[in-house]
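Engineer: Before I ask anything, let me first share the structure, which is written out below as structure tokens.
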Amino acid sequence: MSEARGEGRDQSGNLSFVVGCVDEDHRGSKEGGRIKNEGEMRKGEEEDDDKDDDSRQIVVGICSMMKKSKSKPMTEIMERLCKFEYITVVIFPEEVILSQPVDKWPLCDCLVSFHSKGFPLDKAVEYAKLRNPLLINDLNMQYYIQDRREVYRILQEEGIDLPRYAVLTRDPDRPEECNLVEGEDHVEVNGEVFPKPFVEKPVSAEDHNVYVYYPTSAGGGSQRLFRKIGSRSSVYSPESCVRKTGSYIYEEFMPTDGTDVKVYTVGPDYAHAEARKSPALDGKVERDSEGKEIRYPVMLSAMEKLVARKVCLAFKQTVCGFDLLRANGHSFVCDVNGFSFVKNSMKYYDDCAKVLGNMVMRELASQFHIPWSIPLEAEDIPIVPTTSGTMMELRCVIAIIRHGDRTPKQKMKMEVRHPLFFALFEKYGGYKSGKLKLKKPKQLQEVLDIARLLLAELGQHTDCEIEEKKGKLEQLKTVLEMYGHFSGINRKVQLTYLPNGQPKASSEEEECPTEGPSLLLVLKWGGELTPAGRVQAEELGRAFRCMYPGGQGDYAGFPGCGLLRLHSTYRHDLKIYASDEGRVQMTAAAFAKGLLALEGELTPILVQMVKSANMNGMLDSDSESLTDCQQRVKVRLHEIMQKDQDFTEADYQKLAPTGSPSLVTSMKTIVNPVRTCDQVYALIQRLTSQIRRRLEDPKSADLQLYHSETLELMLQRWSKLERDFRNKSGRYDISKIPDIYDCVKYDTQHNATLDLEDTLELFRLSRALADIVIPQEYGINKAEKMDIAQAYCLPLMKKIQLDLQRTHEDEAVNKLHPLYSRGVMSPGRHVRTRLYFTSESHVHSLLSIFRYGGLLDEVKDQQWKQAMDYLSAVSELNYMTQIVIMLYEDNNKDPGSEERFHVELHFSPGVKGCEDEENVPLGFGFRPASAENQEKQTNQGSLEDLSQDETDRALSLSEPISIKRSLMIRNRKTGSMEVLSETLPTSSKGTSYRLFPSCSCQSPEIKQTGLGFEGCSMVPSIYPLETLHNSLSLKQVDKFLNAVCEHSSDAHAKTMKALSALFDTSSQGYSQTHIYPHPPKALSSSETPVRSPECPLWYSSGPSSTVFSGRSSSPTSVNPDIHFSFSE
């Protein structure tokens, strides 16, 4: 026999391993550790009869399909197992397993046998009964593992958390006879209701065709998972109906940040865990340069280790793989796979062989009189991760972002008294609060049915009052019938109970009120995110990566890829929040797609990664219920804007007391508000007449406008504005000015090919009016601006304050496992990112708080004065406006020093308007302090020291970067991540650089047609971020936020209550999730530790590696009497 090391083959071609050199003394009596083939084993059996028991080897038999027994993980582990002096491994040939009776199978003392496709499990059970070897994995339990129903039953009996589920068993001969009721957005199985999103799994564990069904509010359809084929593991389908044949388990969808955790046990006391991107996210399998799926080892919490132990023992599988879902602060088991090994981890191979070898020796050594004692060293040595930070380390990024480009918002009001409307109001619980919102397809269908019925009844009448009502009902019917189906959140009906009927007629309602109670029906439509809006959000997400340091190894030299490196190695703690408006949620999903280089549809990304349920007003605003202050401001604003005279000096003082240059410029453009409104009204009349003429022209009859709008629909929205803007008395409704500007901005950008006359003049005048009305609706003087801003933003401000605070690392944090993380030298390092997507009201309000809340004194701080001058010159907070807060840590400063933590404030006014290039106010560029402190810092550009990662080369930000982007085409693969075609950083001696691109970009997914880009007429570029301040201390910012949040004790108490409710109920609602591939949060403690009173807020008791970034930012609130119980 060959004594060579490694792998060889004998004359018959069978696998024959010899591991290590065999001593002369052992050659006759012991073969040494080696893997034998079956022929050698037979010969060995005959020789063994002549030998004493004390000279025998312990034979470990591998009985499985050849694909499994010859796999790389099995080979690696068996080679290591053979290094045990008294262990020999024999592989059962597949032809023997399949064709020979079990009494002809090789003999063994310990059997490693497991089921896979084509394996005769019955014969293996028979062999085990015949030979009675030590079983590493119980064979009878493997029958149960093949049936998901049995797996769930056993898990439940063991008290292991699993998703709420129900089993639907169908008779193959009578599939229609089953206890399943399917609704629009739910299924009912055996009386158990599962609202979408839910999961549908075949009962056979061998069937990998698992479907996830999405709610209509997120776009509907389903994600179809399957066993990996190439680089795909799932595909999105528009099909929303469940399968009608076969038996299935239906279970609650668990929001897991787009990450699955695979756990591999080797006995009850050893578990290795790896995180990978969820196959349900975008269906693309992330692979490294060698084509292997990217997975990163993660740490299990104490509770998860207990679960691993329970699974291992309950299923009697020493080597066992199972899937964990980390959601809402808990861990749930959703699948048990039985025998499976970790791939491509040398450390795991070492551990697994050691654990299995010790287990075999412990059980069998005494029987063979082999001298052996249990090794003293622990098998799983705990390692405390340490890091060495650079001078300035990025710790946290917080961004508040307005949604992307949308269709014009439209609204129609009507008073209704028909019993059918009251019945609908009662059916959905409207009497509880006096208000009702109807968004779901089923609800909107009911409203449409009522409208159709009433129109049929009214068809016989000619009464003038009824005729007007008929017009409103027809508009209600027309809007609800748009698109031919209800999908997403693009229409909604609000009903408000009026005990005494409509109190006062307006330009929209009937003028002769009737006595008795009524309902005010408000129909809202439009306001959908456009294809251009999606492109804007996705491109901004891609550009946003450039704020993160690094870009090493595979990513070296490509700006923005440091984030992908950080995120793919599970060191990025990312959560995305959005208000409940469809356009805001889809903006968040598109941004996430660009930020993390995801692919495919937005629906799966939205459901798994964007938190939007139970926000409790943090990002939403009820425009129907204005504050007293806002009502007073609107009245004053309307009074000033209704004067038919030139603006006087007194008017400038009344309307622009802050002296804002953008307001003053607009007032100078307007001169006389009523005369300007006359001009606007005349231009609208001219526009509607042009559209009517186009409609009469046969050539234009079927003209398709942007986003599938028709000329008829365009005429409807302009005619409505024409009717509503000026009432019968000739007075103008100033509240319609934002709508007029909205519409003309939309048509100027997207429907410019119509070449309608005077649209640019209408745009210029309506913009001047809107630049006064819109910002001043949020307060005219500083006190009013603060009052209104606090009403909108208190919950959000409090959340930002919590995000900026730090807490200590503890057992509950999810992090990389330092022992198993190859090529990641700082596994304990995390960067926290919190993204808040919202509407215009919150962005205006938040900016008002920073401007007028007293953060800094303009007189004393020149940088702040320049920032305030810049903001005063910005006239519009357009789509994709961003307010960005960045927190850095200087590891060289004393942990208790105020200089330890450093905050920067950045801002962008969003997308560019049609005529912005010439008059754009100039800021001072993007100036992170790291780019200005070159003399003080040796490697300040790295910000987070990713430069120590294996083969990593940090992209230095110590010099200014000018990133100019042409068409954004993904044309280069680096590893498994796609990076963008961008110019490389260029040096300059200035102190600032443009972080985000300032030129227009087109989506690579847009198809080009003869009329330009289909679905994307023009995508305006986004203004780059401007630095407002780059040398704030955390103490300064915290003190400011504290003062703002506690300005009103009543409002503060309300905020705390809302925040508590937000996080205590975070397990409800479908989109409670954050993002792939960062591991979800582990169990949060019910009470948070309080900082010792002598330590300042920014104090850290340890190095940066002990910063706990897995839960909500802070261990304390500013008020020491208030404790939070949430995992953010």
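Engineer: Let me spell it out: the conditions are (1) at pLDDT below 95; (2) more than 30 Å from Asp573 (Cβ to Cβ), and Leu762 meets all of them except one. Which number is the exception?
Structural biologist: Only one criterion is unmet by Leu762, namely (1).
Engineer: I need a count of the residues in segment 644-676 that are more than 47 Å from the chain's Cα centre (by Cα) and either modelled with pLDDT under 90 or of a type in the set (Asp, Glu) (or both).
Structural biologist: 4
Engineer: Give the residue, chosen from Arg829, Arg822, Arg806, that is over 21 Å from Gly659 (Cα atoms), open to solvent by less than 10 Å² (accessible area, probe 1.4 Å), at pLDDT below 90 and in a loop (DSSP other than H, G, I, E, B).
Structural biologist: Arg829
Engineer: Do the conditions hold for Leu540, that is, is it touching a helix residue (DSSP H, G or I) at 6+ places or on another chain (Cβ under 7 Å) and at pLDDT below 90?
Structural biologist: For Leu540, the condition - touching a helix residue (DSSP H, G or I) at 6+ places or on another chain (Cβ under 7 Å) and at pLDDT below 90 - is not met.
Engineer: I've got another one for you. For residues that are open to solvent by less than 10 Å² (accessible area, probe 1.4 Å) and in contact with a Leu (Cβ under 7 Å, 6 or more places away or on another chain), scanning just segment 603-614, find the one that is modelled with the lowest pLDDT.
Structural biologist: Gln608
Engineer: How many of the residues making up segment 330-357 are modelled with pLDDT under 85 and crowded, with 20+ Cβ neighbours inside 10 Å?
Structural biologist: So the answer is 1.
Engineer: Give Glu177, Glu182 a once-over and let me know the one that is modelled with pLDDT under 95, closer than 28 Å to Leu606 by Cα and open to solvent by 50 Å² or more (accessible area, probe 1.4 Å).
Structural biologist: Sole residue among the options that is modelled with pLDDT under 95, closer than 28 Å to Leu606 by Cα and open to solvent by 50 Å² or more (accessible area, probe 1.4 Å): Glu182.
Engineer: Okay, next question. Hey, could you check segment 644-660 for residues that are part of a helix (DSSP H, G or I) and acidic (Asp, Glu) and say which is most open to solvent (accessible area, probe 1.4 Å)?
Structural biologist: Within segment 644-660, the match that is most open to solvent (accessible area, probe 1.4 Å) is Glu649.
Engineer: Still on this structure: Can you find, within segment 569-597, the residue that is most open to solvent (accessible area, probe 1.4 Å) among those that are assigned to a loop (DSSP other than H, G, I, E, B) and farther than 23 Å from Asn328 by Cβ?
Structural biologist: Applying the filter and picking the extreme gives Glu581.
Engineer: Still on this model: Considering only segment 111-173, give the helices (runs of 4 or more DSSP H) lying wholly within it that have at least 3 residues that are among the charged types (D, E, K, R) and either touching a helix residue (DSSP H, G or I) at 6+ places or on another chain (Cβ under 8 Å) or surrounded by fewer than 17 Cβ atoms within 10 Å (Cβ to Cβ) (or both).
Structural biologist: 121-131, 148-157
Engineer: State whether one or more residues within segment 636-643 are farther than 12 Å from Ile772 by Cβ, in contact with a helix residue (DSSP H, G or I) (Cβ under 8 Å, 6 or more places away or on another chain) and outside any helix (DSSP H, G or I).
Structural biologist: Yes, that holds for at least one residue.
Engineer: Among what's in segment 992-1049 and is modelled with pLDDT of 50 or more and polar (S, T, N, Q), pick the residue that is surrounded by the most Cβ atoms within 10 Å (Cβ to Cβ).
Structural biologist: Looking at the filtered set, the residue picked out is Thr1027.
Engineer: OK, next. Pick out the one residue from Val336, Val342 that is part of a loop (DSSP other than H, G, I, E, B) and under 25 Å from Lys67 (Cα atoms).
Structural biologist: Val342
Engineer: Here's something else I'd like to know. Residues in segment 234-291 that are more than 20 Å from Arg164 (Cα to Cα) and of a type in the set (Val, Ile, Thr): how many?
Structural biologist: Going through segment 234-291 one residue at a time, the tally reaches 6.
Engineer: Can you pull out the strands (runs of 3 or more DSSP E) entirely within segment 213-318 that have at least 2 residues that are at pLDDT 85 or above?
Structural biologist: Of the strands (runs of 3 or more DSSP E) lying wholly inside segment 213-318, those with at least 2 residues that are at pLDDT 85 or above span 222-229, 232-237, 248-252, 259-266, 271-277.
Engineer: Out of all the residues in segment 414-431, which are under 14 Å from Pro499 (Cα atoms) and open to solvent by 10 Å² or more (accessible area, probe 1.4 Å)?
Structural biologist: Glu415, Arg417, Phe422, Tyr431
Engineer: Any chance you could count how many residues in segment 886-899 are open to solvent by 10 Å² or more (accessible area, probe 1.4 Å) and within 31 Å of the chain's Cα centre (by Cα)?
Structural biologist: Matching residues across segment 886-899 total 2.
Engineer: Would you check if Val193 is of a type in the set (A, V, I, L, M) and either open to solvent by 40 Å² or more (accessible area, probe 1.4 Å) or closer than 22 Å to Gln445 by Cα (or both)?
Structural biologist: yes
Engineer: Out of all the residues in segment 836-888, which are part of a loop (DSSP other than H, G, I, E, B) and either among the aliphatic types (A, V, I, L, M) or within 27 Å of Arg545 (Cα to Cα) (or both)?
Structural biologist: Selection gives Ser839, Leu855, Leu856, Val859, Val874, Glu876, Leu877, Asn878, Tyr879, Met880, Thr881.
Engineer: Now, a different point. Let me confirm something: among Val360, Val319, which residue is hydrophobic (A, V, I, L, M, F, W, C), surrounded by 20 or more Cβ atoms within 10 Å (Cβ to Cβ) and in contact with a Ser or Thr (Cβ under 9 Å, 6 or more places away or on another chain)?
Structural biologist: Val319
Engineer: Same structure again: Condition first: under 32 Å from the mean Cα position of the chain (by Cα) and charged (D, E, K, R). Now tell me which residues in segment 772-802 satisfy that.
Structural biologist: Hits for segment 772-802 are Lys798, Lys799.
Engineer: On to the next question. Which condition number in (1) surrounded by fewer than 16 Cβ atoms within 10 Å (Cβ to Cβ); (2) assigned to a loop (DSSP other than H, G, I, E, B) is the one that Gly600 fails?
Structural biologist: Every listed condition holds for Gly600 apart from (1).
Engineer: Turning to a different aspect of this structure: Is one or more of the residues making up segment 779-792 surrounded by 20 or more Cβ atoms within 10 Å (Cβ to Cβ), acidic (Asp, Glu) and at pLDDT below 95?
Structural biologist: Scanning segment 779-792, I find at least one residue that is surrounded by 20 or more Cβ atoms within 10 Å (Cβ to Cβ), acidic (Asp, Glu) and at pLDDT below 95, so the answer is yes.
Engineer: Restrict the check to segment 272-279 and report whether at least one residue is open to solvent by 40 Å² or more (accessible area, probe 1.4 Å), touching a residue at least 12 places away in the same chain (Cβ under 8 Å) and either under 20 Å from His186 (Cα atoms) or not hydrophobic (A, V, I, L, M, F, W, C) (or both).
Structural biologist: no
The values are calculated or read from the model by the stated rules, or taken from the named source; none is laboratory data. Given the structure is predicted, the values throughout are model-derived calculations rather than measurements. Positions of Cβ are backbone-derived with ideal geometry, glycine not excepted, and every protein chain shown enters the neighbour counts. Heavy atoms of the whole protein, side chains included, go into the accessibility calculation; ligands, DNA and RNA do not. Shrake-Rupley method; radii C 1.70, N 1.55, O 1.52, S 1.80 Å.
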